[in-house]
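Below is one structure, written out as structure tokens, with a few remarks after it.
The values are calculated or read from the model by the stated rules, or taken from the named source; none is laboratory data. Source: prediction; values computed, not measured. In this analysis, Cβ positions are derived from the backbone assuming ideal geometry, glycine residues included, and neighbour counts consider all displayed protein chains.
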Amino acid sequence: MKRVPLFASSVAAALLLAALVYGASAPQTKTHQFRCTDRNTSLYFVVYERGGKLDGGNMYVENMQVGVLAPENAGTNVIKATVVGNTATNIAFQFHKSPGSVMVANYGPNPSRVEVCKASYKYQ
């Protein structure tokens, strides 16, 4: 009879140890959040960072996901993100952390960019 509780506690301890090891080795996920504050206030963007590298993101309007983003660093305090599936391959969003703004940029033969909105920025 004493073997069953001993076996059960050994299994529980092994599972706890495995969970701790997995949690320590899993890359930490953080988010870069840009929310329009002056116009287009229903528009916001979330870019994911896993293990210190940008890894996907989403675009939301009225709290509904409307796009999937492919982000990359584009200089100091700027994230460039294309919309996955967009056929215009030379168009991307630029998210500026400081001062906070969201822009649409054309990287074609005549480069240009337009500000979509001023934005709050949160990194957590």
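Quick notes on this structure:
- When the residues of region 32-45 are filtered to those that are surrounded by fewer than 18 Cβ atoms within 10 Å (Cβ to Cβ) and in contact with a Ser or Thr (Cβ under 9 Å, 6 or more places away or on another chain), the one that is farthest from Ala119 (Cα to Cα) is Gln33.
Here's the yes/no breakdown for (1) among the acidic types (Asp, Glu); (2) touching a Lys or Arg at 6+ places or on another chain (Cβ under 9 Å); (3) modelled with pLDDT of 90 or more:
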| site | (1), (2), (3) |
| --- | --- |
| Ala14 | no, no, no |
| Leu20 | no, no, no |
| Cys36 | no, yes, yes |
| Ser42 | no, no, yes |
| Tyr48 | no, yes, yes |
| Lys53 | no, no, yes |
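- Looking only at region 52-96, and only at residues there that are touching a residue at least 40 places away in the same chain (Cβ under 8 Å) and of a type in the set (Phe, Trp, Tyr), the one that is farthest from Cys36 (Cα to Cα): Phe93
- Here Gly57, Gly67, Gly85 are screened, and the one residue that is at pLDDT below 95 and either exposed (fewer than 10 other Cβ atoms within 10 Å of the Cβ) or small (Gly, Ala, Ser) (or both) is Gly85.
- Within region 70-82, the set of residues being of a type outside the set (A, V, I, L, M), part of a strand (DSSP E or B) and surrounded by fewer than 18 Cβ atoms within 10 Å (Cβ to Cβ) comprises Glu72, Asn73.
- Selection from region 88-106 of residues that are in contact with a strand residue (DSSP E or B) (Cβ under 8 Å, 6 or more places away or on another chain) and surrounded by fewer than 14 Cβ atoms within 10 Å (Cβ to Cβ): Thr89, Asn90, Ser98, Pro99, Val104
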